[in-house]
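**Student:** Below is a structure I'd like to ask you about.
The values are calculated or read from the model by the stated rules, or taken from the named source; none is laboratory data. From a predicted model like this one, the values you see are computed outputs, not experimental measurements. Here the Cβ positions follow ideal geometry from the backbone for every residue, glycine too, while neighbour counts run over all protein chains shown.
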Amino acid sequence: MSSAQDPFYIVREEIQESIDKLQSNFHRWEQTASNTGEYVHLTKELLTSCESIEWQVDELEKTISVASRDPSYYGLDEVEIVCSILILLLRT
């Protein structure tokens, strides 16, 4: 399965996009005065983004766990599973 079609790579990219957005909002939050509505809004958005990323990573871990029990069922080999786990660990 090509990386363009592999759900692991799709989900990993979604997680990376979420992290990029979180970092951008964090930098905006750092530059915003704490006594403004924008600061409060960004604070809530940062907390929500962290919770969302945590959920996404948990779901990806579950997916890898399921696929690793029977890789051939999903058209994977053990090398692909190990690579997926290593990529997940290195990127988070």
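**Student:** Taking region 38-85, which residues are among the small types (Gly, Ala, Ser), exposed (fewer than 13 other Cβ atoms within 10 Å of the Cβ) and free of Cβ contacts under 8 Å to residues at least 40 places away in the same chain?
**Tutor:** Result: SER65, SER72.
**Student:** Of the residues in region 10-37, how many are of a type in the set (Ser, Thr, Tyr) and surrounded by 14 or more Cβ atoms within 10 Å (Cβ to Cβ)?
**Tutor:** Looking only at region 10-37, we keep the residues that are of a type in the set (Ser, Thr, Tyr), and these are 18, 24, 32, 34, 36.
Still in the running and surrounded by 14 or more Cβ atoms within 10 Å (Cβ to Cβ): 18, 32.
Here the count works out to 2.
**Student:** Suppose we filter CYS50, CYS83 for residues that are modelled with pLDDT of 85 or more, of a type outside the set (Ser, Thr, Tyr) and assigned to a helix (DSSP H, G or I); which single one remains?
**Tutor:** CYS50
**Student:** Pairs please, first residue from region 8-34 and closer than 20 Å to VAL82 by Cβ, second anywhere and outside any helix (DSSP H, G or I), Cβ atoms under 7 Å, 6+ apart in sequence or on different chains.
**Tutor:** Pairs found: TYR9/SER3.
**Student:** Which of the residues spanning region 6-25 are over 18 Å from LEU60 (Cα atoms) and of a type in the set (Ser, Thr, Tyr)?
**Tutor:** Passing the criteria: only SER24.
**Student:** Looking only at residues in region 38-65 that are under 15 Å from VAL11 (Cα atoms) and of a type in the set (A, V, I, L, M, F, W, C), which one is farthest from the chain's Cα centre (by Cα)?
**Tutor:** For region 38-65, the residue satisfying everything is ILE64.
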